[in-house]
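What follows is a short report on a single structure.
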Amino acid sequence: MQSDTLLHIANFSTLFMCMVLKFPQIFVLMRAKSASGVSLHSLLLELIGFIVFVTYQMYYDYPPPTYLEYPILIAQDVILLLLILHYNGSLRQSLIYAFLFVGGWRLLTVEKWIIDLAMSFCTFISAASKFAQLQCLWRSKDAAQVSATTWAMATYTCFARIYTTMVTTGDMQVLVRFAVMTLLNLWVTLTVIYYQRASRSKKRD
C-alpha cells in the first residue's frame with residue numbers, strides 16, 4: 001500500500017513538474033531576447049533522446065504514467081528550439097529540423113531492431129546533450145540566460161523516474177539512463193548556479 005502511494009506521488013509529481021519544466025528557461029530567453037549560454041546542440045540532442053525514449057516505451061506498451069511527460073517535454077523543447085533559432089537569426093532552419101525529426105521518428109518503428117538499437121544509444125545521446133550544455137557554459141562562462149530552476153527540476157524528475165522504473169518495469173536500460181541523467185542534470189545545475197553567482201559577485205565589485 002505504501003509503495004503504491006509512493007509510486008503515485010512519484011508519477012504525478014514528475015508529470016506536474018514536467019508540465020512546467022521548460023517554462024523558466026522559456027521565460028528567461030523571452031525576457032533577455034538572447035540565447036547566449038544556451039546550447040543549440042544540447043537541445044537538439046535532448047530532443048532526439050526524448051523522441052527515441054518515448055517511442056521505445058510506446059512500442060513495448062509500457063504503462064503510460066511512466067512516460068506521459070515526454071510528449072509534453074518534446075513540445076516545450078520545440079518552443080525552446082524556435083526561440084533559440086529566432087534569437088540566433090536562423091528561424092528558417094526550423095523547417096529542416098522538423099523534416100528530420102518527423103522522418104526519424106517514423107523510421108524508428110519500421111523494424112524492431114531499429115528501435116532497440118536506437119534505445120541502446122539513447123543514454124549516450126542524452127548524456128552528450130548535457131555535456132554540450134556544460135561545454136557551452138565552460139566556454140562562455142555566462143549562465144545569465146540559463147535557468148537553474150529548469151535544470152533542478154529536470155534533476156528531480158530523473159531521480160523520481162529511477163524509483164518508478166524500479167517498481168514498474170525494472171528495465172535496466174531505462175534505469176541506467178535515468179541514473180546517468182540525474183547525475184548530469186545535477187552537474188549542469190551546479191555549474192549554472194556557480195557562474196550566476198560569479199557574475200553577480202563581479203557586478204557587485
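Of note:
- Matching residues, the stretch 100-113, being part of a helix (DSSP H, G or I) and over 22 Å from the mean Cα position of the chain (by Cα): Lys112, Trp113
- Per this entry, Ser147 is not counted among residues that are small (Gly, Ala, Ser), buried (at least 20 other Cβ atoms within 10 Å of the Cβ), within 17 Å of Phe50 (Cβ to Cβ) and within 16 Å of the chain's Cα centre (by Cα).
- Every residue from the stretch 82-106 that is open to solvent by less than 80 Å² (accessible area, probe 1.4 Å), within 25 Å of Tyr56 (Cα to Cα) and touching a residue at least 40 places away in the same chain (Cβ under 8 Å): Tyr97, Phe101, Gly104
- Scanning the stretch 123-144 for residues that are outside any helix (DSSP H, G or I) and either open to solvent by 70 Å² or more (accessible area, probe 1.4 Å) or of a type in the set (Gly, Ala, Ser) (or both) turns up Lys141, Ala143, Ala144.
- For the stretch 124-133, filtered to residues that are closer than 10 Å to Leu184 by Cβ and not aliphatic (A, V, I, L, M), the residue that is modelled with the lowest pLDDT is Ser126.
- Against the conditions (1) open to solvent by less than 60 Å² (accessible area, probe 1.4 Å); (2) under 19 Å from Ile125 (Cβ atoms), Met172 satisfies every one except (1).
- All conditions in (1) outside any loop (DSSP other than H, G, I, E, B); (2) open to solvent by less than 30 Å² (accessible area, probe 1.4 Å); (3) closer than 22 Å to Phe131 by Cα hold for Ala35, with the sole exception of (1).
- Some residue of the stretch 30-38 being among the charged types (D, E, K, R) and touching a Ser or Thr at 6+ places or on another chain (Cβ under 9 Å): no
The values are calculated or read from the model by the stated rules, or taken from the named source; none is laboratory data. A quick note: this is a predicted structure, and the numbers were derived from the prediction, not measured. All Cβ positions, even for glycine, are placed from backbone atoms using ideal geometry, and neighbour counts span all protein chains on display. When the accessible area is computed, the model is the full protein with side chains, heavy atoms only, and any ligands, DNA or RNA have been set aside. Shrake-Rupley method; radii C 1.70, N 1.55, O 1.52, S 1.80 Å.
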